[in-house]
1. Among the residues of region 81-92, are any over 26 Å from residue 183 (Cβ atoms), in contact (Cβ under 8 Å) with a residue 12 or more places away in the chain and surrounded by fewer than 24 Cβ atoms within 10 Å (Cβ to Cβ)?
2. Of all residues in region 36-64, which are small (Gly, Ala, Ser) and either crowded, with 21+ Cβ neighbours inside 10 Å or modelled with pLDDT of 80 or more (or both)?
3. Would region 215-223 turn up any residue that is within 16 Å of the chain's Cα centre (by Cα), surrounded by fewer than 21 Cβ atoms within 10 Å (Cβ to Cβ), under 21 Å from residue 45 (Cβ atoms) and at pLDDT below 85?
4. Go through region 257-283 and give me each residue that's among the hydrophobic types (A, V, I, L, M, F, W, C) and buried (at least 24 other Cβ atoms within 10 Å of the Cβ).
5. Go through (1) closer than 16 Å to residue 140 by Cβ; (2) more than 18 Å from the chain's Cα centre (by Cα); (3) at pLDDT below 75 one by one and return the number of the condition residue 246 breaks.
6. Of the conditions (1) closer than 16 Å to residue 278 by Cα; (2) modelled with pLDDT under 90, residue 147 fails just one. Which one is it?
7. Within region 280-304, track down each residue that is in a helix (DSSP H, G or I) and over 28 Å from residue 83 (Cβ atoms).
8. Would you point out the residue of region 65-80, among those that are assigned to a helix (DSSP H, G or I) and of a type in the set (A, V, I, L, M, F, W, C), that is surrounded by the fewest Cβ atoms within 10 Å (Cβ to Cβ)?
Amino acid sequence: MLIYLIAAALVFDFTNGFHDASNIIATVISSRALAPRTALYITAAAEFVAPFIFGVAVATTIGKGLIDPNVISINVVMAGVLAAIIWNLFTWWISIPSSSSHALIGGLLGAAIIASGIQVVQLKGLLLVLTALFVSPPLGLLVSFIFMNIALFVFQNATQKVNTMFRRIQILTSLSLALSHGTNDAQKTMGIITLGLVASGYQETFYVPLWVVTISAAAIALGAASGGWRLIRTLGGRIYKIRPIHAFTSQAASAGVVLGAALIGGPVSTTQVVSGAIMGAGAAERINMVRWQIAKHMLVTWLLTIPASAALSAIIYLFIQGL
């Protein structure tokens, strides 16, 4: 069962990279700063090295801060991961950017509560997780809105040549965003695998082994290299027509918010942060520039993800227990 769990966790990690690569490269491609394949490969490389640079604070939050690892069975962890995978694939299929983080949190909570009751949830950790998840998207929007206003003021008299500068700078901002995503999101899989090691008795205490860091980083990098083109089209053009200045400001804002959360151990949704940042950059230029109907669909998905994945994981847990 542990082998199945590790395999499922790596599949989730792959779908996370596949799903969320769109967040990192959509604006870069839309503004024509990088060719699609080049952007994907740079992103994949950054995703792989990031966890080795910035540590495993998020993995610790997911693995032992949210639910008590000493009373959780491996079936609970498996059900949570499978629910997150199904939700990732479903939202990718309908081309709506959703949160892999929300799906995983909801999956773990649903299975844990149906198995052991509400008391298994650690309220302090849950508060940190929910605060990070729900505050980060509007924070991304706000920071991007401010950055865009500053950029518009500084470059108000610039010629069209300034677009070339913004395209070049985007190589650095997209790299920073990829590093922040790899730091935050790969750690969620590390936390899941380590939680499984503790639940199955292979480890007495919660610590993340180096081999877990390595395979988790590799899986998310491979997923990123594959790319989720359906979501790239949504983020890169359906919200509004993105120009280099929008891409630069939204990437810089997203990278700052996601990396800051990762360093303090707060798991955030890169998808939602980037979506909010893109909207913030567009709204700063002109409020009606943003297609708010697309934003409404994203908001509905954002609100539904945790309860939907929790309910799905509870059903999957009962099925696994029946087997």
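1. To start, the set of residues in region 81-92 that are over 26 Å from residue 183 (Cβ atoms) comprises 90.
Subsequent filtering for residues that are in contact (Cβ under 8 Å) with a residue 12 or more places away in the chain retains none.
The answer is no; no qualifying residue exists.
2. First, pick out the residues of region 36-64 that are small (Gly, Ala, Ser): 39, 44-46, 50, 55, 57, 59, 63.
Of everything in region 36-64, those that are small (Gly, Ala, Ser) and either crowded, with 21+ Cβ neighbours inside 10 Å or modelled with pLDDT of 80 or more (or both) turn out to be 39, 44, 45, 46, 50, 59, 63.
3. no
4. Restricting attention to region 257-283, the residues satisfying the condition of being among the hydrophobic types (A, V, I, L, M, F, W, C) are 257-259, 261-264, 268, 273-274, 277-279, 281, 283.
Answer for region 257-283, where residues must be among the hydrophobic types (A, V, I, L, M, F, W, C) and buried (at least 24 other Cβ atoms within 10 Å of the Cβ): 257, 258, 261, 262, 268, 273, 274, 277, 278, 279, 281.
5. Checking residue 246 against (1) closer than 16 Å to residue 140 by Cβ; (2) more than 18 Å from the chain's Cα centre (by Cα); (3) at pLDDT below 75, the one that fails is (3).
6. That leaves (2) as the condition not met.
7. Applying the first criterion (in a helix (DSSP H, G or I)) to region 280-304 yields 280-285, 287-289, 292-304.
280, 281, 282, 283, 284, 285, 287, 288, 289, 292, 293, listed by residue number.
8. Step one: filter region 65-80 for residues assigned to a helix (DSSP H, G or I), giving 65, 74-80.
Adding the requirement that they be of a type in the set (A, V, I, L, M, F, W, C) leaves 74, 76-79.
On the way: 74: 19, 76: 28, 77: 33, 78: 25, 79: 29.
The selected residue is 74.
The values are calculated or read from the model by the stated rules, or taken from the named source; none is laboratory data. Just so you know, these numbers come straight off a predicted model, no measurement behind them. We place every Cβ from the backbone using ideal geometry, glycine too, and count neighbours over all the protein chains shown.
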